[in-house]
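What follows is calculated from the coordinates using simple rules that are stated; it is not laboratory data. Quick caveat, the model's predicted, so the values are computed rather than measured. Glycine also receives a Cβ, built like all others from the backbone with ideal geometry; neighbour counts cover every protein chain displayed.
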Amino acid sequence: MDSPLIPFTAHNIELPDGTVTRPGASLTAKEPVTQAVLRTLDLFFPPAGRAHTTVIDLGCLEGGYTVEFARAGFDATGLEAREVNFSRCQLVASQLRLPNLHFVRDDVRNLAQYPLFDVVFCSGLLYHLDRPATFLKLLGERSRRLLILQTHYSLGSGVPAHFDLSELVEHDGHLGRWYREFAEEPDPDEVEASNWSSYGNSRSFWLERSHLIQAIRDAGFSTVYEQPDFVANNVTDHYIEEQQRSLFVAVR
Ligand SMILES: C[S@@+](CC[C@H](N)C(=O)[O-])C[C@H]1O[C@@H](n2cnc3c(N)ncnc32)[C@H](O)[C@@H]1O
């Protein structure tokens, strides 16, 4: 088969006929972050008997991580609000035909309407929400065992920031900084076409790092680890510091 007609923007997924969704890009399966997440899943859920272990991938974009969870043997569901992204997920699902790979078009704020999941994977999403601490509480209620969270955070006063963030303010019970994504009343077509952005809120609240960790704990996760080995090299790669972004593992 030729490459899919709809151009993919981020996830490069290998299809059964050997073609990929983003020719020339590195495979999502081989990315250091994917490998780091799969190592954590291996620790908590040894391969034998994982068929009934459920994973929800929140804001799954084009489904690249959801696919890898399914390929690793989990019962994997990707949740994505944007039609343009969801259609790519559907295309991937129709090619792969894996019985344990599911995609649903919905807003992640509706998670209470779904069954509990053993693992909640929340990558690149929390910092697109306007009430992240409230959302973390929802994740605490819907997760049976693990939350794997890859997210930006904001930093305290006096620390140079690489993003156009507001002053440090209190909101939703925590300190953080606002990030504007759209005008107050954005054009719906613009929102729909902005593949990687927020959905349903025009500005997002980036929790300050220590508040982020406390909000995870307050959500009912007794144990929180940072997993810095999601970058290729911790000496030469400054992604965590420059992006104010890391990978956290929270255990109930
Ligand atoms: C920066 S991308 C991250 C995609 C993917 N999780 C990853 O890590 O590569 C944010 C994704 O979340 C989706 N999204 C944003 N707000 C959402 C919401 N309220 N409900 C569902 N999906 C949402 C966007 O459409 C986009 O696919």
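Structure values in brief
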{"quantity": "Residue list for the range 180-217, restricted to those being in contact with a His (Cβ under 9 Å, 6 or more places away or on another chain), of a type outside the set (A, V, I, L, M, F, W, C) and over 23 Å from residue 80 (Cβ atoms)", "calculated": "208, 211, 214"}
{"quantity": "Residue in the range 203-214 that is assigned to a loop (DSSP other than H, G, I, E, B), in contact (Cβ under 8 Å) with a residue 60 or more places away in the chain and within 16 Å of the ligand (Cβ to nearest atom) present", "calculated": "no"}
{"quantity": "Members of the range 125-135 that are crowded, with 20+ Cβ neighbours inside 10 Å, out of contact with any Gly (no Cβ under 6 Å at 6 or more places or on another chain) and not in a helix (DSSP H, G or I)", "calculated": "129"}
{"quantity": "Where a residue in the range 57-77 is in contact (Cβ under 8 Å) with a residue 40 or more places away in the chain and within 15 Å of the ligand (Cβ to nearest atom) and its partner, wherever it lies, is part of a loop (DSSP other than H, G, I, E, B) and among the aromatic types (Phe, Trp, Tyr), with Cβ under 7 Å and at least six apart", "calculated": "62/8"}
{"quantity": "Residue match in the range 231-252 (condition: buried (at least 19 other Cβ atoms within 10 Å of the Cβ) and part of a helix (DSSP H, G or I))", "calculated": "no"}
{"quantity": "Meets criteria (out of contact with any strand residue (DSSP E or B) (no Cβ under 8 Å at 6 or more places or on another chain) and away from the ligand (no atom under 16 Å from the Cβ)) for residue 189", "calculated": "no"}
{"quantity": "Selection count where residues are out of contact with any helix residue (DSSP H, G or I) (no Cβ under 9 Å at 6 or more places or on another chain), outside any loop (DSSP other than H, G, I, E, B) and either within 14 Å of the ligand (Cβ to nearest atom) or free of Cβ contacts under 8 Å to residues at least 12 places away in the same chain (or both), scope the range 136-169", "calculated": "1"}
